[in-house]
Every structure is written in structure tokens, then in C-alpha cells.
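Bear in mind these aren't lab numbers, they're just calculated from the coordinates by the rules spelled out. Since this is a predicted model, take the numbers as computed values, not measurements. Quick reminder, even Gly has a Cβ in these numbers, built from the backbone with ideal geometry, and neighbours come from all protein chains shown.
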Amino acid sequence: GFGAPHARPTTTTLPPLPDRARQRRAVRGGQDIMARAGALLLALLGLASAGPAAKLMSGGKMSIKPAELQASLEEGCAASGSRVVCTVNAALPGRAKLLNEAFGVSLPEATALALGGGANGEEEGLEVLVAAAGETVVVEGRPGFRAAGESLSAAEAGLGALAKASDADGLLVELLAEEVAGKGGPLRSNLAQLAGAKSGKKIALIFLVRGAASAEAADAAVKQYLQAAGLASLAGTYNVKALAIGDAPSTTDAEALRECVAGACAAELGDAGAIAARLLAGSAAAEAAEKVVLPGFEEVQAMGDLAAAKASALLDKELHPWRIQCEKKAKVVKNFGEVAEGIKAKCLAAYTNIMAQLTASVDLPEDAALEAAYAVGKDRFETDIADGLRRLQAVQLMQLAGKAERELQKQLLVALRKEGNMPRDRQAALVRTVLYDFAAAAKPVVGAGGAELYDGTYTALEERLGQVAARFMESPKAQLVTQSRVEKNAKRQKAAKGERSIKPRLDIVSMLNFPGTGSIEGFGAYQAGALNFIMGFMDSNAGDEPLFVIQPKFHFDVSL
């Protein structure tokens with residue numbers, strides 16, 4: 001249902017495949033008896049039945065003359081006009097039978113050569129069958145296989161061009177219910193082409209969901225697919241419908257499809273001539289799509305690398321002023337998380353624009369293999385963006401962490417001076433306060449995209465602050481505060497005694513008596529613990545007095 005890559009068969013007999021793979025590539029030979037029985041039943045019910053389907057395209061080229069196409073349509077179309085129903089993607093098994101029973105046409109089941117295309121030396125390409133019965137013209141495209149390792153087959157891309165240029169009234173898309181989460185591949189590419197289609201009528205876009213348990217499940221599957229593929233806007237452009245179809249389509253499924261097409265398509269019907277002109281325009285567009293030169297994996301990867309190299313210049317330009325602010329000037333930008341998201345969006349948009357310019361000349365399709373190649377350069381560029389922004393965020397977080405450590409030491413000192421002690425619970429409370437302030441400042445710096453970096457920094461800071469608090473009382477600053485507090489307490493206790501006393505003291509002083517008749521005296525004292533040594537001199541020695549004399553001194557210490 002999503003146009004998964006096929007392997008080109010080397011013979012007309014395909015090897016056995018798993019059930020789902022067999023559904024995608026099942027090949028049946030000859031006409032299906034049940035399809036003819038269904039057509040007969042429709043004829044009995046009063047619905048028109050047509051002859052064999054005409055081949056509009058073969059090998060990706062127009063294979064019918066315009067006059068023959070119009071004649072074939074005139075033979076099958078109702079006189080009042082018909083609507084055109086066109087398939088958009090490669091068939092799942094039983095689609096021809098489902099269309100035959102639903103609309104009374106005679107589409108043959110696919111054969112090995114029809115699906116294989118390139119087998120037996122034939123040119124690979126898109127095959128388009130046209131069958132008309134009453135008010136319905138069915139256009140079914142069958143792309144050929146592609147070899148392993150090839151990029152999107154141009155035949156598959158041609159299906160979107162065919163559906164768009166044919167101005168179909170109803171478009172049929174087949175999905176597998178279990179694969180609705182897929183968003184790449186040929187189907188998305190074709191639907192993306194249709195998203196830009198402009199028409200004055202409301203075209204029906206009908207999804208046939210294989211394996212859906214109910215209509216509600218089918219509707220949910222379609223919504224999920226369009227959302228995953230980024231094509232939700234189609235619901236506003238087209239009349240989107242969803243049908244639950246069994247793995248093996250039944251008559252009930254055919255009736256539901258017929259009623260859905262009749263009710264969902266626009267009421268206006270076209271005549272055979274107008275429809276033929278539309279189909280010719282569609283085949284021309286499909287043929288042009290087949291001529292597109294599609295790049296390989298290595299080429300697209302090289303384009304992605306070149307786009308990343310060019311976009312890296314813009315990244316460096318965007319990061320340069322912030323490197324100066326954060327790394328050289330050691331500043332913290334409060335809203336750097338928002339700044340980072342803006343830089344990322346701008347640089348990725350530049351990458352996308354550059355990639356679009358590089359691939360414009362090759363009309364790059366949306367294919368799973370090519371998307372993987374495209375993603376190589378883009379992922380590498382996204383890594384470069386993330387690394388550059390993470391480095392700036394890490395620098396700012398380290399600055400905030402250093403500030404938080406200094407703030408904790410400051411608060412510990414303030415609390416110790418005020419409270420006189422620092423118990424464990426008080427330390428833990430201050431650590432929590434500082435961590436809270438760090439978180440408030442750090443989260444805007446990293447933003448939503450830097451959660452991992454923030455968590456790592458926070459954990460390391462929490463451990464570091466715990467160590468600082470635990471060793472605080474052993475630090476020189478804390479010891480100085482403690483000693484100063486003890487001395488102040490001692491002085492307060494001494495002053496609080498309030499004693500009043502008079503303490504007399506008698507000192508015997510040894511005086512050195514210099515020769516002279518003056519009256520100059522001097523003293524020098526040295527106190528060593530409880531001993532007090534006083535030495536004096538005087539100049540009253542007239543020549544007959546001893547050199548040393550003893551002089552008593554009285555001291556009174558008064559405390560009021």
C-alpha cells in the first residue's frame with residue numbers, strides 16, 4: 001500500500017513470498033472467472049457492462065490512438081455522461097476483481113509480464129488500463145518492478161502525474177491497516193503531487209483500507225496516515241472517505257465502493273470526448289514523469305553533505321556573537337533556551353532551502369531509500385547545531401554552578417555568625433535553597449532541548465554542594481568565625497562580673513646613678529608572666545655615691 005521497493009523478477013515465475021508480501025506482488029495469469037461472473041451479475045442488476053479494457057499506456061508510453069480511445073469510451077460510457085475513477089498507487093491482490101464487481105468493467109488480473117515490465121528484455125514502465133461501463137470510467141495504473149538498490153521507479157511517480165492531469169472525479173488509494181504509520185515512499189510522493197492540484201470541483205479521495213475491522217477503524221487509520229505523512233491538508237482540498245476492505249475483497253466490499261463513489265464524487269458527468277481529452281493529458285504527464293532522471297543513494301547523500309557544508313557557514317555566523325558573550329565575557333543569557341531554538345530553526349530552514357535548490361534540477365521524489373540518504377547529511381548537520389549550542393549552554397551552566405557554590409559558602413558563613421553553630425539539617429536546608437535558585441536560573445538557559453545537559457549538571461552540582469556543606473566547619477573561614485565568637489563571649493563574661501577593687505603593689509627598682517647634679521630619672525620595664533623587671537637611671541651622682549642604688553616604688557590598681 002505504500003509502494004515498498006520491488007525486486008525485478010528474472011523469470012515470469014515469482015518465488016513464494018510471505019502472506020503480506022504475497023498480497024503486494026501476487027501475480028495471477030489469464031482472466032479471472034469470478035470477475036466475469038461479477039460483471040454478469042451487474043448486467044442482470046441493470047448496470048452496464050463493458051468489453052475488454054483498453055490499454056492507454058504500455059512501457060510508460062502512449063499505446064492507443066486518440067480516436068481509438070474515444071471510440072472505446074463511447075462504447076462503454078452512458079449517454080448521459082460518466083465520471084472518471086483513477087487509482088493512485090500500485091495494486092494489492094484482488095483490486096481488479098474489486099473494481100470489476102463494483103463498476104461492471106472488465107479489467108484483467110495482473111500477469112507477471114504486466115507487473116514485471118523489464119522481464120524478457122521488455123522496457124520497464126507504467127501500464128495504464130482504461131475500462132468504461134455506464135456512468136463510470138475506471139483508470140488503473142500498474143507500475144513495473146524495480147531492481148534492488150534502485151531509487152523510486154519513475155513508473156510509480158507517473159501514477160501521481162496521471163491522476164492529477166486526468167482531472168479524475170474520484171481517486172482510489174489502497175492502504176494496509178497495519179502500515180498506516182508509514183510516511184514515506186511513492187504513495188506519499190503521489191499524494192503530495194495531488195495536494196497542489198487545483199480544480200473547480202470537489203474531488204473524492206477514497207482510501208480502501210485492507211484489513212480494517214470496521215468503518216470507524218478505517219477512518220482512524222486514514223487520519224493517522226495523513227497525519228504521519230504530513231498530508232492532513234488533503235482533507236480540506238478533497239472529499240476524503242475511508243472504506244474497510246477485507247484482505248480478499250468481497251461482493252459486499254464492491255457494493256460499498258460503488259455506493260461511496262456515487263455519493264462522494266461531484267454530480268457533473270462528462271461525455272466520452274471530454275474524458276478522452278483528459279486521459280490523453282494524464283498519459284502525457286505520466287510519460288513525462290517517466291523521463292525524469294532519478295538520483296541514486298550516493299548522489300543524494302553527497303547533496304546532503306554539500307547542503308550541510310553551506311548551511312554550516314550560517315551556523316557559525318549565528319553562534320559567533322554568543323560565543324563572545326558566553327565564553328570570552330563569561331556572561332549568562334537568561335533566555336538562551338529560546339535563542340537556541342531560534343538558531344536551530346533558522347539553520348535547519350536554510351539547510352532545507354539549500355537542499356531544495358540542489359535537488360530542483362533532478363525532481364527528487366519522496367522515496368524511503370532516498371529519504372534515508374537525504375537524512376544522512378541532515379542528521380549530521382543537526383548534530384553540528386546541537387553540539388554548538390550545547391557547548392554554549394554548558395559554559396553558562398558552569399558559570400551558574402560556580403556562582404551557586406560561592407553563594408552557599410556565603411550563606412553558611414552568615415548563618416554561622418548569626419546562630420553560632422551549623423547542624424546537619426541547617427546545612428541541608430541551605431543546600432536546597434541554593435539548588436532551587438540554580439534551577440530557576442539554569443532552565444531558561446538550556447530550554448526544552450537541553451534537559452539532558454541540565455540534569456547532568458544539576459546532579460553534579462548537588463553532590464558538590466553537599467561536600468562543601470559537610471566540610472564547611474573545617475574551613476579556615478569557619479574556624480576564624482568560631483574563634484572570634486569565643487573571644488567575644490569571653491569579653492562579655494569578664495565585663496559582666498562588675499567587680500570593684502583597689503590593688504596596691506610595691507616595686508623595688510634598681511637605679512643606675514650616672515654622674516651629674518641634675519634631676520632626670522627614667523624607667524624601663526619588661527613583664528614576663530608573673531615577673532616584672534624594672535630598670536631605672538638618674539643623674540644625681542656627685543662622685544661619692546654608689547653606681548647602683550635601690551629605690552622603692554608604690555603602685556595602686558584601681559577598678560571601679
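Sort out for me the Cα centre separation of segment 227-261 from segment 452-470, rounded to whole Å. Centre-to-centre (Cα) distance: 57 Å.
What separates the Cα centres of segment 202-216 and segment 305-338 is a distance of 48 Å. Averaging 1/r across all pairs of distinct Cα atoms in segment 422-466 and inverting the result yields a Kirkwood radius of 11.2 Å. Here the 3J(HN,Hα) profile of segment 483-488, calculated from phi with Karplus coefficients 6.51, -1.76 and 1.60 at θ = phi - 60°, is 5, 4, 5, 5, 5, 4 Hz, Gly and Pro shown as x.
Taking a threshold of 27 Å on the Cα-Cα distance, which of the pairs 403/477; 202/346; 331/410 fall above it? Among 403/477; 202/346; 331/410, the Cα-Cα distance tops 27 Å for 202/346. Take each peptide in 451-462, 83-94, 303-314, 248-259, count the other Cβ atoms within 10 Å of every residue, and average; sorted highest first, the result is 83-94, 303-314, 248-259, 451-462.
Residues in segment 88-102 carry Karplus couplings, in order, of 10, 9, 4, 7, 8, x, x, 5, 4, 4, 4, 5, 4, 5, 6 Hz; the curve used is 6.51 cos²θ - 1.76 cosθ + 1.60 with θ = phi - 60°, and Gly or Pro positions show x.
Please go through the residue pairs 418/488; 310/334; 329/443; 55/164 and name each one whose alpha carbons sit more than 24 Å apart in this structure. Going by Cα-Cα distance, 310/334 fall outside the 24 Å limit. With a/c under 1.5 counting as rounded, go ahead and sort segment 192-274 into rounded, prolate or oblate using the C-alpha gyration tensor (a ≥ b ≥ c being the square roots of the eigenvalues; past the cut-off, prolate if a/b is larger than b/c, else oblate). It comes out oblate by the Cα gyration axes.
Less than 5 angstrom separates the built amide H of residue 241 from those of 205, 206, 207, all sequence-distant by 5 or more or on a different chain.
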